[in-house]
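> Just passing along the structure, written as structure tokens.
The values are calculated or read from the model by the stated rules, or taken from the named source; none is laboratory data. Only a predicted model underlies this, so the values are computations on that prediction, with no experimental measurement involved. Note that we place each Cβ from the backbone using ideal geometry, even for glycine, and neighbour counts take in every protein chain shown. Just the protein is used for accessible areas: all its heavy atoms, side chains included, with ligands, DNA and RNA removed. Shrake-Rupley method; radii C 1.70, N 1.55, O 1.52, S 1.80 Å.
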Amino acid sequence: MARQEQLLRTDGGTNRLRRRAVAAILLMLLLIGWSVLDLQKVFGFADVAMSADFVHAALRVSTFVCVLALAVYLIFKSDRPQLDNLHVGSPKLQAELDAGMEIFKAERYCLRVYTDEVSRLFTAMLANLPSYLFRINEDIKLGHGNLEATTTLHLRMQPSVDDEPIDCEKAETILVPVIMARKGLLFDNLLVKDASGRVLPTLSQWETRGLTALAVRALFGFIDEAPPPRPTWLDRIRRKKVVAPEPDDELLTAFVEIVRDAICLVGSPTMLATQESARGLNDRRDRALDRLADLRAKMPDGLYQRLSEVCRSLADNYLIIAEVPKPSGTNLIVQYTAHTQNERSLQRGKEKLRARLGLDPHMLDIAMPRMLQADSYHCQITAPTGLHVFSHHLEALGGKTPLKQENFQVGGVQQYVRLYHEESRTVAHLYVRRHGAAITTSDVRRAKGIGSGVKSVLSLRETPPGMLGSAATLATVVATIVLFLTVTRLGLAGDQTTGSSLPGLLFAVPAFIAAALGRGVDGSRLSQSSLITYFGLLLVFITSISATLLYALDAAKRLPTEVMIELWPSAVFWPTDWIWLGLSLVTWGVAIFLIRERRDQTRYYLANLQRAGQRQSRRNVSLTPADQPATLTGR
């Protein structure tokens, strides 16, 4: 008993479910075997006074009903492992004891470790990161169900706007908010590096709490930009104590509630709203964020907008902060790599079917959260080996309509957006150049059509001819063999069996061709093939097996479906068989369709490659070598 409980805990009860399925299958097969026997004698009903035919028919009907019930059970009963007893469960969100004191300790620690210049630069980046970002490169590589994203951030040490400059020479290290992700989201194999490839340390969440609280405190105005002045000798003589002005009590209370009950609260908003034990935390979070509206009258509009945006973002997201050594120049490069799952859109019927057949996704949705954060943004998505980008367009998160250029007007300014279109490259390249002033998160939210965010939607196709060409070749060979046997009736006409071994050799030809085309027809390439190729190979397999079994049956027992066809008036009659003729038509229909599909895909692919080459080598007609010096002189 203990052994069974142990297995139930480790395998989720799958062995028990398999035993039930095996018992049902064996019982069904046993009933089928009994149904073909003389059931009246098997069950000892030979001496019953009832009619033998009635007893025999009743037993057969009962057996048929039992077999049908078992078949329905096996088809519609899906065995799902029960792994709930192995799951640790969702995190229990409860109020932390002395949360405010822990945040205060983290603040004091950060004040001791980092200088004022380091804290000021971090606060400025957190409040207005786009003014420090001047280039973002994202390299995304697609694999079998995985996505490896490498993001490179190019930052300037001084903001592009006319803010008060920060003396970065006094900062020994730079704290960069590398990632702001929604609470509850995990990054697999996250690695942060600098320009030299050296791994950078990321701060713990306890330290991040302290830095975030310091930054929000500075936005509230509780921290002076310069340290308080020290008392002079004249002040000491006058016994005057120099102190900083006391903050407003209402502002201080709002700051404590927002930081403690919203920003530093652990757990995603969805989990806080659904868990019964966290309802109190969710109410406190909502009340803390509502306090922001009460502060509008106490702050300038610009300061309030920046504070509200930062607080609401930190309430829904968490930060990953990297500690970067001070660069020798005026710019800084930070790079991070993470693995995530493909954003497969199973709502699309084709993608759902591909998932059921075990095929890799051909339609991918990839979010672009940093698309409008920097002066220039480059995103390059590399397709797996053997595939190319069939189409690439942009959609709003949660939407299904492709975005156009007019959708990228942010703050009344048209942004520059460009990507490859109908070039059949192995890389999808998205380039965005920011026009106008630095774009904030609130500006993007107010933009029509892209307020919820933007995602790239990629459609991948196998590089022709690929497996489609191999499937077309196999289909042609099988159709030719079936047509040859349909016309010649080799080994089937009359009572002659001479050469009857030759059709067996002919049916083995597709297997030899498949082995010769093994470079194109294998398991790894099959998972990347299109649905047309997959079902085309399936039809070739079915027709080949059907022809083999039909030949064996026709050779052993002549089928009564032979017919004489007159191809031309007064011509010799052509003996054939209706079944063979229909099978030949089906095989040639499959072969013709696959050949045509291979031709069209290859032509389209080569035309796109030629178009891409022409665009790449197109001459710049606006600036020729003859007028280049004059143009430069005029400038």
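> Given the Cα atoms of segment 100-148, and with Rh set as the inverse mean 1/r over their pairs in the Kirkwood sense, what is Rg to Rh to two decimals?
Radius of gyration relative to Kirkwood radius: 1.25.
> Taking N as the number of residues in segment 357-462, what is its alpha-carbon radius of gyration divided by 2.2 N^0.38 Å?
Against the empirical 2.2 N^0.38 Å value, I get 1.12 for segment 357-462.
> To the nearest 10 Å², what's T401's accessible area with a 1.4 Å probe?
So the heavy atoms of T401 present about 100 Å² to solvent.
> Over segment 357-462, with every protein chain in place, what whole percent of the accessible area is carbon and sulfur at 1.4 Å, could you tell me?
That share works out to 52 percent.
> Return the sequence-ordered ³J(HN,Hα) values of segment 323-335 in whole Hz as given by the Karplus equation 6.51 cos²θ - 1.76 cosθ + 1.60 applied to θ = phi - 60°, using x for Gly and Pro.
Along segment 323-335, the couplings run 9, 10, x, 5, x, 7, x, 9, 10, 9, 10, 10, 10 Hz.
> Can you tell me the FRET efficiency between K170 and T253 if r is taken as the Cβ-Cβ distance and R0 is 41 Å, rounded to the nearest 0.05? Please list the in-between numbers first.
On the way: r = 34 Å, r/R0 = 0.82.
Calculated transfer efficiency: 0.75.
> Using a cut-off of 13 Å between beta-carbons, work out the net charge of the residues near Y534 (Lys and Arg +1, Asp and Glu -1, Y534 not included).
Working: positive: K350, R354, R356, R525; negative: D360, E462, E597.
Summing Lys/Arg as +1 and Asp/Glu as -1 gives +1.
> If you plug each phi of segment 355-363 into the Karplus form 6.51 cos²θ - 1.76 cosθ + 1.60 with θ = phi - 60°, what whole-Hz ³J(HN,Hα) values come out, in order, with x for Gly and Pro?
Here the 3J(HN,Hα) series is 5, 5, 7, x, 8, 5, x, 10, 10 Hz.
> Modelled label-to-label distance, K105 and T337, 7 Å Cα→beta-carbon offset: nm?
That separation, rounded to one decimal, is 3.7 nm.
> Next up: Pairs K141/K350; K141/K352; K105/K193; K193/K326; K183/K352; K170/K193: which are spaced more than 25 Å apart, C-alpha to C-alpha?
Working: K141/K350 23 Å; K141/K352 22 Å; K105/K193 29 Å; K193/K326 14 Å; K183/K352 28 Å; K170/K193 23 Å.
Among K141/K350; K141/K352; K105/K193; K193/K326; K183/K352; K170/K193, the Cα-Cα distance tops 25 Å for K105/K193; K183/K352.
> How much length, in nm to one decimal, is gained on full extension between R198 and W574, taken as 0.36 nm per residue of separation minus their Cα-Cα distance?
127.4 nm
> Could you list which residues have their amide H under 5 Å from that of G143, counting only those 5 or more apart in sequence or on another chain, with H placed in the peptide plane?
E148
> How far apart, in nm, are the 7 Å Cα→Cβ label points at D188 and A69?
4.5 nm
> A follow-up question, please. Starting from the Cα-Cα distance between E148 and Q409, subtract it from 0.36 nm times their residue separation and give me the gain in nm to one decimal.
Residue separation times 0.36 nm, minus the Cα-Cα distance, leaves 90.9 nm.
> Along Cα→Cβ, 7 Å out, is where each label goes; now give me the distance between the ones at D98 and L553 in nm to one decimal.
It works out to 8.3 nm between the two label points.
> Let me make sure I get this right: for segment 278-401, a, b and c are the square roots of the gyration tensor eigenvalues over alpha carbons, sorted descending. Under 1.5 in a/c it's rounded, otherwise prolate if a/b > b/c, else oblate. Which is it?
Oblate shape, in that a/c is at least 1.5 and b/c is the bigger or equal ratio.
> Can you put M101, M368 in order of accessible area, largest first, using a 1.4 Å probe?
Result of the area sort, largest leading: M101, M368.
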